[in-house]
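Structure first, then comments.
The values are calculated or read from the model by the stated rules, or taken from the named source; none is laboratory data. All values reported here derive from a predicted model rather than from experimental measurement. Here the Cβ positions follow ideal geometry from the backbone for every residue, glycine too, while neighbour counts run over all protein chains shown. Note: areas computed on protein heavy atoms with side chains; ligands, DNA, RNA excluded. Shrake-Rupley method; radii C 1.70, N 1.55, O 1.52, S 1.80 Å.
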Amino acid sequence: AAETGAALDALVASGKIRAAGVSNFRPWDWDLLQANMTNPLATNQIELSLSARQSYTNGDLAHAQQHHIRPMAWSPLGGGSLMTEPSAVAGKLDTVAQAQGVDRAAVAVAW
């Protein structure tokens, strides 16, 4: 974490990047890296969709809220399965989409 933090800080200081973020870091991994950096980490990209809701209960989103971190959702359409596979969730998406005059993807991303 010390070497990675120093390398990310050096990239920011040199102007090569404006900010650094991470992907799929658990809260303790975020805290460890951030403790070894001068610059604040900008975001944590976590899997988040109607078919991947574990971030609501495993502490990832609670940690983001506690530290005022804006998470970045990856795979908000469930890897495409929310758009292509029939399911109860897909049916609900279609109902809301029809009522709002949009497509299923717009509802899934808005969620």
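Using the Karplus relation 6.51 cos²θ - 1.76 cosθ + 1.60 with θ = phi - 60°, the per-residue 3J(HN,Hα) values for region 35-41 come to 5, 9, 10, 8, 7, x, 5 Hz, with x marking Gly and Pro. Excluding ligands, DNA and RNA, the accessible surface per residue across the chain is 63 Å² with a 1.4 Å probe.
Could you tell me which of Q66, Q45, V109 has its Cα farthest along the dipole of the chain towards the positive end, charges placed at Cβ (Lys, Arg +1; Asp, Glu -1), taken about the Cα centre? The Cα lying farthest towards the positive end belongs to V109. Evaluated with a Cβ-only charge set (Lys, Arg +1; Asp, Glu -1), the chain carries a dipole of roughly 200 debye about its Cα centre, given to the nearest 20.
How big is the gap, in Å, between the Cα center of region 1-41 and the Cα center of region 73-97? The distance from the Cα centre of region 1-41 to that of region 73-97 comes to 34 Å. For T43 and A106, the FRET efficiency from 1/(1 + (r/R0)^6), where r spans their Cβ atoms and R0 equals 22 Å, is about 0.45. In the list (1) 15.2; (2) 15.8; (3) 14.8, the label attached to Kirkwood radius over Cα pairs in Å as derived from the coordinates here is (2). Over all directions, what mean area does the Cα convex hull of region 1-41 project, stated in square nanometres? That works out to 2.5 nm², a quarter of the Cα hull's surface.
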